[in-house]
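I have placed the structure first, in the form of structure tokens, so that the comments after it can refer back to it.
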Amino acid sequence: MTFRLETDGPIATMTIDRPAKRNALSYEMWSALPGLMARVRDDDAVRVLVVRGGEHFSAGADISEFGTLRSGAEGAARYGEAVHAGARSITALGKPTIAAVTGFCIGGGCEVALACDLRVAAADARFGITPAKLGIVYGFASTKQLVDVVGPAWAKQILFTGEILDAATALRIGLVNEVHPPDALDARVGELAGTIASRAQVSVRGAKQIVERITDGQREEDDAVRALHDEAVHSAEYAEGVAAFLEKRPPRFPVFKTPSAG
């Protein structure tokens, strides 16, 4: 499958593990993502998912499949559906996600990173989205994620040119949240994941849902948003947070039960 999914307490790590191909993403890999995300979703002990590579995050699509699985319009459409479903499964995960970006983060690799909530990069990381070099129109959902992150002008430049950006530029335009020396990246990602995992998950997941609603165009509070607030104030986490504040001690938040899908 060429992914490794491991857990360490409340933090799950999904490693793209295809170093001989610079972690290029195959059809099989895209197709495996929804199942992997379901495992993370259904594990109540997991509070944060980190997505990482090795020397490279991912150099993009597996070019060798362009002449086989992506040959012709029907094959390209079927392949595109797998890519969309894989990226969407990361975006739709109800838990916070962090991409730890090293080396090349190109094409489909950048699509995976953009599907995550946060991106933390090594100073020598390189970014690019290259459909203009292949005669492909980038998918709507992934284009929206890019526009949400960097704005329309930079999204156009990235997509029109297919140029590779360095980490400093990625930080300046908001493509990544933070940039660190390569030897400090893992420690910072672990610290950030640990901090998020230590917070009240009813708050974290409520914030994630509300931000997504805002980026999807919602402008006013509705019953669904009010239900998130109501759930929080009736939660064991709220009771523990208030008690800890009054007792001047760190909170010990209980495990947040993931609502069942469907």
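Can you find even one residue in the stretch 224-235 that is modelled with pLDDT under 95, more than 21 Å from the chain's Cα centre (by Cα), more than 25 Å from residue 49 (Cβ to Cβ) and of a type in the set (A, V, I, L, M, F, W, C)?
The answer is yes, given that some residue of the stretch 224-235 is modelled with pLDDT under 95, more than 21 Å from the chain's Cα centre (by Cα), more than 25 Å from residue 49 (Cβ to Cβ) and of a type in the set (A, V, I, L, M, F, W, C).
Restricting attention to the stretch 118-135, which residues are assigned to a loop (DSSP other than H, G, I, E, B) and either open to solvent by 60 Å² or more (accessible area, probe 1.4 Å) or among the polar types (S, T, N, Q) (or both)?
124, 130, 134, 135, listed by residue number.
Name every residue in the stretch 171-197 that is in a loop (DSSP other than H, G, I, E, B) and within 21 Å of residue 150 (Cβ to Cβ), in order of residue number.
173, 174, 175, 176, 177
Which one is farthest from the chain's Cα centre (by Cα), of the residues in the stretch 169-218 that are of a type in the set (D, E, K, R) and open to solvent by less than 60 Å² (accessible area, probe 1.4 Å)?
Of everything passing the filter in the stretch 169-218, 188 is farthest from the chain's Cα centre (by Cα).
Which pairs turn up if I take residues in the stretch 1-27 that are surrounded by 17 or more Cβ atoms within 10 Å (Cβ to Cβ) and look for partners that are at pLDDT below 95 and part of a strand (DSSP E or B) with beta carbon separation below 8 Å, at least 6 apart in sequence or on another chain?
From the stretch 1-27, the pairs are 24/61; 25/61.
State all residues of the stretch 14-30 that are of a type outside the set (A, V, I, L, M) and closer than 17 Å to residue 40 by Cβ; if no residue qualifies, say none.
The answer is 15, 17, 30.
Looking at this structure, is residue 108 within 22 Å of residue 19 (Cβ to Cβ), surrounded by fewer than 22 Cβ atoms within 10 Å (Cβ to Cβ) and not hydroxyl-bearing (Ser, Thr, Tyr)?
So residue 108 does not fit the description; no.
The values are calculated or read from the model by the stated rules, or taken from the named source; none is laboratory data. On a predicted model such as this, the values are computed, not experimentally measured, just so you know. Using ideal geometry, Cβ is built from the backbone for each residue, glycine included, and neighbour counts are taken over all protein chains shown. These accessible areas exclude ligands, DNA and RNA; they are computed on the full protein's heavy atoms, side chains included. Shrake-Rupley method; radii C 1.70, N 1.55, O 1.52, S 1.80 Å.
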